[in-house]
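The values are calculated or read from the model by the stated rules, or taken from the named source; none is laboratory data. Note that the structure is predicted; figures quoted are calculated from it, not measured. Cβ sites come from the backbone with ideal geometry, for glycine too, and all protein chains shown count toward neighbours. Keep in mind that these areas ignore ligands, DNA and RNA; they rest on the heavy atoms of the full protein, side chains included. Shrake-Rupley method; radii C 1.70, N 1.55, O 1.52, S 1.80 Å.
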Amino acid sequence: MNSPTPVDIVDHQGSGVLEIGWADGATSRLPHRLLRMHCRCAACEQQRRRGAGPRDAGAGLRLVRIDPVGGHALNLAFSDGHDRGIYPWALLRQLGASSPTQQPDSPCPTPASSAC
């Protein structure tokens with residue numbers, strides 16, 4: 001299977017949503033809070049193993065920087081100071097596909113999901 005390929009990336013600061021257009025025509029709208037909650041850096045993974053998971057930074061959380069990582073991922077920095085998460089295209093596509101009705105200020109898809 002081919003890895004997903006982004007063709008357009010737009011950060012909507014006002015609504016707190018990262019929008020990614022994919023080569024196959026699909027679009028992912030990913031709330032900044034959702035992205036923060038799904039960080040896969042070592043510290044966040046360790047918190048998950050301990051049963052804590054990343055803390056919810058609240059509705060005001062925003063991306064402050066988006067850096068490409070090679071041709072396969074983004075490094076996202078958040079307004080809460082967290083900047084260690086690498087988000088591969090496949091993860092971003094998966095997050096977008098699994099939550100098509102996300103609300104901008106919610107870390108989870110609506111209606112409420114126990115998966116978040």
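General observations
- When the stretch 36-78 is filtered for residues that are open to solvent by 30 Å² or more (accessible area, probe 1.4 Å) and touching a Gly at 6+ places or on another chain (Cβ under 7 Å), the ones remaining, listed by number, are 40, 47, 62.
- Hits in the stretch 84-97 - residues which are closer than 16 Å to residue 69 by Cβ, modelled with pLDDT of 95 or more and surrounded by 14 or more Cβ atoms within 10 Å (Cβ to Cβ): 86, 87, 88, 89, 91, 92, 93
- Condition met for residue 24 (open to solvent by 70 Å² or more (accessible area, probe 1.4 Å), of a type in the set (Asp, Glu) and not in a loop (DSSP other than H, G, I, E, B)): no
- Selection status of residue 111, exposed (fewer than 12 other Cβ atoms within 10 Å of the Cβ), part of a strand (DSSP E or B) and either more than 10 Å from the chain's Cα centre (by Cα) or at pLDDT below 95 (or both): no
- Residue within the stretch 42-55 that is in contact with an Asp or Glu (Cβ under 8 Å, 6 or more places away or on another chain) and at pLDDT below 90 present: no
- Total residues in the stretch 27-41, condition over 12 Å from residue 95 (Cβ atoms) and part of a strand (DSSP E or B): 1
- Residue match in the stretch 8-19 (condition: closer than 15 Å to residue 93 by Cβ, touching an Asp or Glu at 6+ places or on another chain (Cβ under 7 Å) and either open to solvent by less than 50 Å² (accessible area, probe 1.4 Å) or modelled with pLDDT under 95 (or both)): yes
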